[in-house]
Amino acid sequence: MSKKKLVMIGNGMAGVRTIEDMLKIAPEAFEITIFGNEPHPNYNRIQLSTVLQGDTTVEDIIMNSWEWYRDHDIQLFTNEAIVKIDSEAKQVISDKGRKVEYDELIIATGSSSFILPIPGADKKGVTGFRDIQDCEMMIKTAKEYKRAAVIGGGLLGLEAARGLLNLGMEVDVIHLMPHLMERQLDPTASNMLKEELEAQGMNFIMEKQTTEILGDERVTGLRFSDGKEIAADLVVMAVGIRPNVQVASESGIYVNRGIVVDDYMQTSMPNVYAVGECAEHREMVYGLVAPLYEQGKVLATKLCGVETKPYEGSIVGTGLKVSGVDLFSAGEINDDPKTKSIKVHNEFDGVYKKVIIRDNKISGIVLYGDTKDSSRLFRMLLKKEDVSGMTSVSILESGCCGGGESSDVATMAADEIVCGCNGVTKGTIVEAIQTKDLTSVEEVGSCTNAGRSCGRCKSLISDILAHALGDKYDVAAKKTALCGCTTLSRDEVVAEIKQKGLTSVKEVMNVLGWKQEEGCTKCRPALNYYLGMILQDQYKDDRDSRLVNEKMHANIQKDGTYSVIPRMYGGVTSAQDLKKIAEVAEKYDVPLVKLTGGQRIGLYGVSKEDLPSVWEDLGMQSGYAYGKTLRTVKTCVGAKFCRYGTQDSMGLGIELEKKFERLDTPHKVKMGVSACPRNCAESGIKDFGVVGIDGGWELYVAGNGGTDLRAGDLFATVKTKDEVIELIGAFLQYYRENANYLERTSTWVERVGLDHVKEVLADEQTRKALNDRLDKTLEKYNEPWSETIENKEIKDKYYQKRDVPVLV
Amino acid sequence: MKKTLVTEYQSLPERVGQVFRVDGVEIVLFRLSNGEVRAIENRSPHPKGGTLSEGLVSGEFVYCPVYDLKISLTDGKVQAPDEGQVKIFSVERDNDQVFIVK
Ligand code: SRM
Ligand SMILES: Cc1cc2nc3c(=O)[nH]c(=O)nc-3n(C[C@H](O)[C@H](O)[C@H](O)COP(=O)(O)OP(=O)(O)OC[C@H]3O[C@@H](n4cnc5c(N)ncnc54)[C@H](O)[C@@H]3O)c2cc1C
Ligand code: SF4
Ligand code: FES
């Protein structure tokens, strides 16, 4: 039987989720084609706020990689819009003139930012907040300009404003109504929110209607209906969204505000369906993913020919993804004579809770400052539970001060919703953990979808994992503080550095409230590393936050002397270099000359004052035998001499060492290159071990020959050495960006899983981006020994001992 | 009581120990972030010995570079859970001149 042809217009969150659901039910039933007029594969639009806030990069929010489409035989056309549906010929026509036939057609075109139709709205510097392009434009503008105006004080507007603050702009938020988020919050909660955001630096201009955007080619300001004006270099319109219905309506499909659909998402045209923000169901158009995913599920099931319950509409709950703000709202927000409400307002702790009860059932929830009760209350609201027998105390279990235990996962009912976006209950998650042996939040996400949208529920999922697995739950995945100076974990510190744009060790400790003001030997080197990793070539290394060996560029020994180990790339040397080493050893009376375990020569027992002149006399580069960086690349003689050799192992080893030397890494990194599987360079126990084979190379990763002996895992087999270098670069950078400081690749891979790393690095663009960041970072390094020789200040500061003449 | 002129205040970098040999003893001077100068003997109290001049300085403490002991620069005491005592010297300043008194 030939497959049915399924075409989808729109490559966004609701549409692609529908396809994912279909692939789960009937993976082979359809030949699928998707058109999307953005240049990207499906990404998490919700996380655009965090991209704008600087927490995440565009690559991090891709939900379905290019490979995903390929692996599922989905034909994807990006940057291509459908302009017409021909229902007679059952085909769609794109703006490039492409025609594709369908048996079934899904319209999932989402919506666009509503741009106020006022004079000047087309000027440069005016934008909506909807897609990656908008974000990139704002990030770019923030580099050149100072003043931003956000029109609209709703969810989107406030998230945009927060992002722009992070980008260093001064932000005015203009709102038509007297209260922010007036559709989700009552005046009390709204005022609390406004105070918090003002404290964060937003400026609010309330009850003002914008009537004109000023400027010549580029915006310079705004004018309001009362004639007043303000200056602005960037205007973000966040006044609402408009469903993308044009293609549908022009093709003869019945459209009201959105594309009108029935309870099975069917439009007025046969074999044509609509899902997501472009669809209007029972006069409702939704703008949050939870209901859209419900729609997608019904549609997917129906298209696969399986019996399903109809979609009957949704009640939605919302929050705001702005740090420092905890709020939840659902259902009704204002009282009327027929409602009774429970209200708690603790001004001291900044907590406000209101539960509205109509006909003995919860009909509305507003929580500010403490949202622990939200999922339980929301479930009671959805299930229309009768609360007449309950006391106000038991309805608001966690009370007024956040002291209660209602968020304790042990006491949570199995049918309580954990992930609102994806409608996943605690029961579903626990079952998935038990039947599929899941151990991480990411795995729970890939099996149940929980946590894959706004991410708000991830900490709760982590608690459930911990509860379900007990001691088995990876301790490392749980929060562990960086050191005794702070309660923040590695991830939290890294996120704060990015979000707050922190640029020095001192500033991090200051802003994040370190208990010991100047830190300790655990956090200072770690912070110095994280800053260098995040800021790439922009960061000025803090030498005094490094520990002795890295500070001195030599290994300290137990008597206070040092060892000097120069580079010997790939373990290859020359008679000339050997002579130089011998001369220096003689001249300075070096107590021990030894071949190290890393294929080079070490001079041990050099006194601190002699270091600069020893280096000068050697005239060689530092071998970094002391650093959290690339140590050695061991090689075998290989094809140039060995009868078994298949590849030039020395050549590749030297190239790798020259490319990656000096790079700061979470822990030391060692490499080995052998030219055949006899493996004379011990590539099997290196962080990166390369083994030549006939016609190619094998790359092993995460081997370790030290304390926790571990054989490397085969990561890939490739044809050329350039591919080896590209893969090592990407792997190395991914490790740099994600491992804890002082975590070797071996322990890191054990923790995150090799499959995870493989999956991430499967995407060519991801690899390219990683390599780009790596190359940029590599640009900043100077050779430290010659720097010392040339710089008197460094010499005096670190390498001198002074004799004090004592007068008798 | 003997007062020995050791160095000029200006020549002391912040938070990086400087070693002076006085009467056959190695003394490290630390200029703290608050501007004050402290002097200790350049010898780790760890049974295996080692120097202290390259240690990381945090507030009024230096961390032993070899064994990571946390040592008070005010009284020379090793902080719990470790134990030990480093010899300290009192420091006097007269404008730019730094003296050690012993
Ligand atoms: C010099 C050398 C021994 C030698 O004389 O051959 C050496 C010397 C030290 N090693 Fe090593 N390791 C040396 C090769 C190795 C090797 C073999 C290798 O690289 O092929 C290993 C096992 C392979 C591995 O790391 O996977 C090795 C595993 C360690 C470890 C355990 C690391 C681990 O993750 O388990 C440490 C401890 C640490 O880094 O925390 C260590 C730490 C040290 C330190 C730096 C200890 C310290 O912090 O003071 C030693 C400095 C001695 C000194 O006075 O300078 N050294 N060390 C070797 C230098 C190689 C080079 O040319 O750079
Ligand atoms: C900044 C921001 C923050 C958000 N925060 C949240 C949140 O916290 N919680 C929440 O639940 N929701 C949030 N949302 C809303 C959520 O992202 C949307 O509800 C969801 O993306 C809608 O999915 P969709 O598939 O209907 O539309 P989209 O994801 O917009 O996808 C539609 C796609 O179709 C393409 N398209 C349109 N017309 C055509 C055509 N003719 N031919 C080809 N392609 C076309 C579009 O370019 C687009 O890529 C947020 C949205 C934004 C912008
Ligand atoms: S690994 Fe193979 S090619 Fe290299 S030296 Fe050993 S036997 Fe020869
Ligand atoms: S609640 Fe949004 S992803 Fe779970």
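Points to keep in mind about this one:
- In this structure, B:Leu56 does not satisfy being surrounded by fewer than 23 Cβ atoms within 10 Å (Cβ to Cβ), modelled with pLDDT of 95 or more and of a type outside the set (S, T, N, Q).
- If the condition is being on the phi < 0 side of the Ramachandran plot and part of a loop (DSSP other than H, G, I, E, B), then region A:134-167 contributes A:Tyr145, A:Lys146, A:Gly153, A:Gly154, A:Leu167.
- Considering only residues in region B:1-31 that are more than 9 Å from chain A (Cβ to nearest Cβ) and within 24 Å of B:Gly50 (Cα to Cα), the one that is surrounded by the fewest Cβ atoms within 10 Å (Cβ to Cβ) turns out to be B:Gly24.
- Within region A:601-608, none of the residues are at pLDDT 95 or above, in a loop (DSSP other than H, G, I, E, B) and within 13 Å of ligand 1 (Cβ to nearest atom).
- Top-ranked residue in region A:682-710 [being out of contact with any helix residue (DSSP H, G or I) (no Cβ under 7 Å at 6 or more places or on another chain) and surrounded by 24 or more Cβ atoms within 10 Å (Cβ to Cβ); ranked as farthest from A:Pro525 (Cα to Cα)]: A:Ser683
- Evaluation of A:Trp697 against (1) touching a Gly at 6+ places or on another chain (Cβ under 9 Å); (2) of a type outside the set (Ser, Thr, Tyr); (3) closer than 19 Å to A:Lys659 by Cα (one fails), failing number: (1)
- The single condition among (1) more than 11 Å from ligand 1 (Cβ to nearest atom); (2) over 19 Å from A:Tyr781 (Cβ atoms); (3) not aromatic (Phe, Trp, Tyr) that A:Gly672 does not satisfy is (1).
Residue-by-condition table, conditions (1) within 16 Å of ligand 1 (Cβ to nearest atom); (2) touching a residue at least 12 places away in the same chain (Cβ under 8 Å); (3) of a type in the set (Val, Ile, Thr); (4) surrounded by fewer than 16 Cβ atoms within 10 Å (Cβ to Cβ):
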site	(1), (2), (3), (4)
A:Tyr286	no, yes, no, no
A:Val298	no, yes, yes, no
A:Gly313	no, yes, no, yes
A:Gly319	no, yes, no, no
A:Gly331	no, yes, no, no
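- Test: residue in region A:121-136 that is more than 24 Å from the chain's Cα centre (by Cα) and under 30 Å from A:Tyr264 (Cβ atoms): no
- Looking at A:Ala639, A:Ala675, just one residue is of a type in the set (A, V, I, L, M) and surrounded by fewer than 19 Cβ atoms within 10 Å (Cβ to Cβ), and that residue is A:Ala639.
- Identity of the residue in region A:168-180, part of a strand (DSSP E or B) and more than 16 Å from ligand 2 (Cβ to nearest atom), that ends up nearest to the chain's Cα centre (by Cα): A:Glu170
- Residues that are among the hydrophobic types (A, V, I, L, M, F, W, C) and either within 11 Å of chain B (Cβ to nearest Cβ) or over 33 Å from the mean Cα position of the chain (by Cα) (or both) are absent from region A:524-532.
- Test: residue in region B:34-44 that is more than 24 Å from A:Cys523 (Cβ to Cβ) and facing chain A (nearest Cβ under 7 Å): no
- Test: residue in region A:473-484 that is within 29 Å of A:Tyr530 (Cβ to Cβ), within 14 Å of another protein chain (Cβ to nearest Cβ) and either outside any helix (DSSP H, G or I) or more than 16 Å from ligand 3 (Cβ to nearest atom) (or both): yes
- Single residue of region A:496-521 satisfying the filter (polar (S, T, N, Q) and touching a helix residue (DSSP H, G or I) at 6+ places or on another chain (Cβ under 8 Å)) that is farthest from the other protein chains (Cβ to nearest Cβ): A:Gln499
- Some residue of region A:49-61 being away from every other protein chain (no Cβ under 14 Å), within 16 Å of ligand 4 (Cβ to nearest atom) and in contact with a strand residue (DSSP E or B) (Cβ under 6 Å, 6 or more places away or on another chain): yes
- In region A:628-642, the condition of being of a type in the set (Lys, Arg), touching a strand residue (DSSP E or B) at 6+ places or on another chain (Cβ under 8 Å) and within 16 Å of ligand 3 (Cβ to nearest atom) is met by at least one residue.
- Each residue in region A:623-650 was checked for being small (Gly, Ala, Ser) and within 11 Å of ligand 1 (Cβ to nearest atom), and 3 pass.
- The residues listed here are A:Tyr604, A:Tyr539; of these, the one that is aromatic (Phe, Trp, Tyr), away from ligand 4 (no atom under 16 Å from the Cβ), over 26 Å from B:Ser44 (Cα atoms) and more than 14 Å from every other protein chain (Cβ to nearest Cβ) is A:Tyr539.
- Scan region A:542-553 for residues that are more than 10 Å from every other protein chain (Cβ to nearest Cβ) and either free of Cβ contacts under 8 Å to residues at least 60 places away in the same chain or not in a helix (DSSP H, G or I) (or both) and the total you get is 2.
- Of the residues screened, A:Gly692 is not one that is part of a helix (DSSP H, G or I) and away from ligand 2 (no atom under 16 Å from the Cβ).
- When residues of region A:611-627 are limited to those that are touching a strand residue (DSSP E or B) at 6+ places or on another chain (Cβ under 9 Å) and not in a loop (DSSP other than H, G, I, E, B), the one surrounded by the fewest Cβ atoms within 10 Å (Cβ to Cβ): A:Leu618
- Filter result for A:Thr777 (over 23 Å from A:Arg543 (Cα atoms), away from chain B (no Cβ under 14 Å), of a type in the set (Val, Ile, Thr) and surrounded by 15 or more Cβ atoms within 10 Å (Cβ to Cβ)): no
- Search result, residues across region B:39-62 that are closer than 16 Å to B:Ile88 by Cα, among the hydrophobic types (A, V, I, L, M, F, W, C) and without any contact (Cβ under 8 Å) to a residue 40 or more places away in the chain: B:Leu52, B:Phe61
- With a requirement of 2 or more residues that are within 20 Å of A:Ala81 (Cα to Cα) and not polar (S, T, N, Q), the strands (runs of 3 or more DSSP E) lying completely within region A:232-282 that satisfy it span A:241-243, A:272-274.
- Check on A:Ser563, in contact with a Leu (Cβ under 8 Å, 6 or more places away or on another chain), at negative phi and either hydrophobic (A, V, I, L, M, F, W, C) or within 11 Å of chain B (Cβ to nearest Cβ) (or both): no
- Any hit, region B:62-77, residues being among the hydroxyl-bearing types (Ser, Thr, Tyr) and more than 10 Å from every other protein chain (Cβ to nearest Cβ): yes
- Entry remark, region A:658-689: residues being assigned to a helix (DSSP H, G or I) and touching a residue at least 60 places away in the same chain (Cβ under 8 Å) number 3 in total.
The values are calculated or read from the model by the stated rules, or taken from the named source; none is laboratory data. It should be emphasised that the depicted structure is a prediction, and the values quoted were computed from it without experimental measurement. Glycine also receives a Cβ, built like all others from the backbone with ideal geometry; neighbour counts cover every protein chain displayed.
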